[in-house]
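Undergrad: A single structure is presented below for examination.
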Amino acid sequence: MKIAIAKEIEVGERRVAVIPDTVARLVKQGLEVLVEAGAGERAYFPDADYEAAGARIVQDATQLWGEADILLKVGPPQERENGQLEVNLLREGAVLISFLNPLGTPEVIQHLAERKVTAFSMEMIPRTSRAQSMDALSSQAGVAGYKATLIAAAALPKFFPMLTTAAGTIAPAKVFVMGAGVAGLQAIATARRLGAVVEAFDIRPAVKEEVQSLGAKFVEVKLEEDTVAAGGYAKEVSEAAKQRSREVVTEHVRQSDVVITTAQVPGKKAPLLVTEEMVNQMKPGSVIVDLAADQGGNCACTEPGKDVVHHGVTIIGTINLPASMPIHASQMYAKNLLTLVQYLVKDGALQLNFDDDIVNSACVVHAGEIRNQRVREALGVPSPQPSAL
Ligand code: NAD
């Protein structure tokens, strides 16, 4: 069985799906590994290291995609510079495993189904203990949360820690993290390590203890409605609940030097947590880092991919932060993929058991059929079977 590692062509994407150490493990398992020339270059993994680990370097992308039994990637397939669609390069029956943004760009999923490819979406790996080591959303969110705090610290015209110096005492920076999921918790931990005083808020009350265990204060908003959906994710709450949350958090935003927002609701536009009026009340020199920028942003002033200054407050609309730390982001993603491949491939053959929750949830396309109910709904495709989600 041939496992192929494609080079990412998305602008700014520096990660690679598999690192040389992972290649060695796949080869040891009896799998043939093909790596597109230069695939790991931007993550500082040269072709020579892949070769030394037992991979065959393939110069031509068309050949690599065409030979793959299982193709591993970071981002969804795209149109290449020569106008070729990467999806069309895959053989019928081949398996594609990558982030596929199935709810954001369902048309890619439809195309994969038309091509009769089997596709696994890394976003759809269930967030369960059993699937933890395959959970790429978490591994990459951890990278993003860490980097968001460093970006904020670098942009803030102040120290993070308290300092007692001969030139006087410096008060520590106040950091407010909104959304305490995987990225938010890592942002809190990083800000604490840098010595800031940290507060955090989330609509899921269950995170209170995790926030406190990191040495941060939890800002509680009592909401009457249920805020937790299946899988422990946040639900999209009512406008009244959003308004109530904003009333409570306004004062905390106003007093903060740094606000890091990470709130997302799967498949929906990110909730608006920081209004323009709230930004206007912040101290000049304060910094907001919006990790939800490419999902519409948690801050009204966010512009995706840009740093904007509004009333003296710098709002940083980060996009794809994991790509800015490609060595460790790739290493962690490669580990997630390795576990999944080892789970799916037994004795050199693909074993698809759709009664298994990991396979059932992550496999979004098989044998020409879109298996995910929400993707089908987004495309207006009728359901041939009960929900796969
Ligand atoms: P996410 O990226 O979807 O969202 C980030 C955070 O924003 C979440 O904590 C969410 O509650 C919060 N949020 C959403 N709307 C909000 C609003 N209006 N105001 C304030 N906060 C809001 O979340 P994630 O980090 O991917 O984690 C989601 C869930 O998955 C959590 O329950 C997490 O514990 C769970 N999880 C479980 C495992 C596991 O069991 N292996 C692994 C990872 C995550």
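Undergrad: What is the antiparallel percent of DSSP beta bridges lying wholly in the range 69-159, to the nearest 5?
TA: 10 percent
Undergrad: Here's another thing I want to ask about it. Taking θ as phi - 60°, what are the ³J(HN,Hα) couplings along the range 145-159 by the Karplus curve (6.51, -1.76, 1.60), each to the nearest whole Hz, with x for Gly and Pro?
TA: x, 4, 5, 4, 5, 5, 4, 4, 4, 6, 7, 6, x, 9, 6
Undergrad: Can you give the charge dipole size of the chain about its Cα centre, rounded to the nearest 20 debye, using +1 on the beta carbon of Lys and Arg and -1 on the beta carbon of Asp and Glu?
TA: 820 debye
Undergrad: Of the accessible area of the chain, with the probe set at 1.4 angstrom, what percent is carbon plus sulfur?
TA: Summing carbon and sulfur atoms, their accessible area is 51 percent of the total for the chain.
Undergrad: A further question on this structure: Report, by chain and number, residues whose modeled amide H sits under 5 Å from the one on LYS217, excluding near sequence neighbours (fewer than 5 apart, same chain).
TA: Placed amide hydrogens put VAL198, GLU199, ALA200 under 5 Å from LYS217.
Undergrad: Also: What is the spread of the Cα atoms of the range 243-370 along each of their three principal axes, largest first, in whole Å?
TA: Its Cα atoms span 61, 34, 24 Å along the three principal axes.
Undergrad: Restricting attention to the range 146-203, which chymotrypsin sites (Phe, Trp or Tyr not before Pro) occupy a DSSP loop and are surrounded by at most 14 other Cβ atoms within 10 Å?
TA: none
Undergrad: Can you tell me the mean projection area, over all orientations, of the convex hull of the range 143-319's alpha carbons? Units nm², please.
TA: The Cα convex hull of the range 143-319, projected and averaged over all directions, gives 9.7 nm².
Undergrad: With θ set to phi - 60°, apply the Karplus curve 6.51 cos²θ - 1.76 cosθ + 1.60 along the range 188-200 and write out the HN-Hα couplings as whole Hz, x wherever there is a Gly or Pro.
TA: Values per residue, Gly and Pro as x: 4, 4, 5, 5, 5, 4, 7, x, 7, 8, 10, 10, 9 Hz.
Undergrad: Restricting things to alpha carbons, tell me how big the chain is in terms of Rg and Dmax, in Å.
TA: 22.2, 73
Undergrad: Enter the accessible area per residue of the range 143-319 (Å², integer; probe 1.4 Å; all protein chains in place).
TA: 46 Å²
Undergrad: Compute the semi-axes of the equivalent ellipsoid of the range 1-158, taking the square root of 5 times each eigenvalue of the Cα gyration tensor, and list them largest first in whole Å.
TA: Working from the Cα gyration tensor, I get semi-axes of 26, 20, 17 Å.
Undergrad: So, in Å, what gap is there between the alpha-carbon centers of the range 196-237 and the range 1-70?
TA: Their Cα centres are 40 Å away from one another.
Undergrad: Kindly flag which residue pairs out of LYS2/LYS335; LYS208/LYS283; LYS7/LYS116; LYS147/LYS306 have an alpha-carbon separation exceeding 24 Å in this structure.
TA: Table pairs above 24 Å Cα-Cα are LYS208/LYS283.
Undergrad: Considering amide H positions built from the backbone, and no H for Pro or chain starts, which residues 5 or more places from ILE288, or on another chain, come under 5 Å of its amide H?
TA: Those lying under 5 Å, H to H, from ILE288 are VAL259, THR314, ILE315, ILE316.
Undergrad: Further question on the same structure: Exposed loop sites here are GluC sites (Glu not before Pro) in DSSP loop states with at most 12 other C-beta atoms within 10 Å. What is the longest stretch of the chain lacking them?
TA: In the chain, the maximal stretch lacking such sites is 226-389.
Undergrad: Considering only DSSP beta bridges with both partners in the range 143-319, what is the antiparallel share in %, to the nearest 5?
TA: Given both bridge residues lie in the range 143-319, the antiparallel proportion sits at roughly 30 percent.
Undergrad: Moving to a separate point now. Amide H to amide H under 5 Å from LEU34: which residues, 5+ apart in sequence or cross-chain, H placed 1.01 Å off N in plane?
TA: ILE3, ALA4, ILE5, ARG56
Undergrad: Mind listing the phi-derived Karplus ³J(HN,Hα) values for the range 244-257, rounded to whole Hz, using 6.51, -1.76 and 1.60 with θ = phi - 60°, and x for any glycine or proline?
TA: Couplings: 4, 4, 4, 4, 5, 7, 3, 5, 5, 5, 4, 8, 8, 7 Hz.
The values are calculated or read from the model by the stated rules, or taken from the named source; none is laboratory data. Quick caveat: nothing in here was measured; it's all calculated off a predicted structure. Cβ sites come from the backbone with ideal geometry, for glycine too, and all protein chains shown count toward neighbours. When the accessible area is computed, the model is the full protein with side chains, heavy atoms only, and any ligands, DNA or RNA have been set aside. Shrake-Rupley method; radii C 1.70, N 1.55, O 1.52, S 1.80 Å.
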